1. I need the full set of residues from the stretch 88-128 which are of a type in the set (Val, Ile, Thr) and at pLDDT 90 or above, in order please.
2. Looking at the structure I just gave you, is ARG74 more than 24 Å from ASP3 (Cβ to Cβ) and either surrounded by fewer than 14 Cβ atoms within 10 Å (Cβ to Cβ) or not hydroxyl-bearing (Ser, Thr, Tyr) (or both)?
3. Could you list, in sequence order, all residues of the stretch 34-50 that are hydroxyl-bearing (Ser, Thr, Tyr) and in a helix (DSSP H, G or I)?
4. Please find, among ARG53, ARG74, the residue that is assigned to a helix (DSSP H, G or I) and in contact with a Cys (Cβ under 8 Å, 6 or more places away or on another chain).
5. Specify the residue that is surrounded by the most Cβ atoms within 10 Å (Cβ to Cβ); the eligible residues are those in the stretch 27-71 that are of a type in the set (S, T, N, Q) and in contact with a strand residue (DSSP E or B) (Cβ under 7 Å, 6 or more places away or on another chain).
6. Taking the stretch 83-127, which residues are within 20 Å of GLN38 (Cβ to Cβ) and surrounded by fewer than 12 Cβ atoms within 10 Å (Cβ to Cβ)?
7. Give the stretch 1-60 a look and list any residue that's within 30 Å of ILE86 (Cα to Cα) and over 20 Å from the mean Cα position of the chain (by Cα), or say none.
8. Go through the stretch 83-105 and give me each residue that's part of a strand (DSSP E or B) and polar (S, T, N, Q).
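The values are calculated or read from the model by the stated rules, or taken from the named source; none is laboratory data. Quick caveat: nothing in here was measured; it's all calculated off a predicted structure. Here Cβ is always computed from backbone atoms with ideal geometry, including for glycine, and neighbour counts include all displayed protein chains.
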Amino acid sequence: MVDCKPVATPVSTSKAVPGGVVPYADLTQYRSFASALQYLTVTRPDLSYAVNRLCQHMHSPSTVNWAALKRVLRYLNGTLHLGLKITASPSLDIHAYSDSDWAGNPDDQKSTSGFAVFLGTNLVSWVC
């Protein structure tokens, strides 16, 4: 996958094609790749949703799941420069920031909120 064509998003935006589910033949390979991607989400939170979806199929992945996993790898190939840096920090101060927009969506009045917690200069927890 080193020379693969990169994609802009880790998850396909197109609708699933109807058809039968074909089991993926190499369970060990799928589980190995999906598990490795789980560790990568520590510094790449942009992968969290896609990897979570892949890991929901660990027990019986299909060829469609394998194609989705390869798409994540293609996304990674094009975004190697992204990620959270974890470095030694001279300070152990904890700082937390939050923001919210209550009923800010004009279409459905849904709210948006999030927070970020830093230990020194390192981001250690976040939700949005």
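1. Answer for the stretch 88-128, where residues must be of a type in the set (Val, Ile, Thr) and at pLDDT 90 or above: ILE94, VAL117, THR121.
2. no
3. Across the stretch 34-50, the qualifying residues are SER35, TYR39, SER48, TYR49.
4. ARG74
5. SER62
6. LYS85, SER125, VAL127
7. Of everything in the stretch 1-60, just one residue is within 30 Å of ILE86 (Cα to Cα) and over 20 Å from the mean Cα position of the chain (by Cα), namely ASP3.
8. SER98, SER100, listed by residue number.
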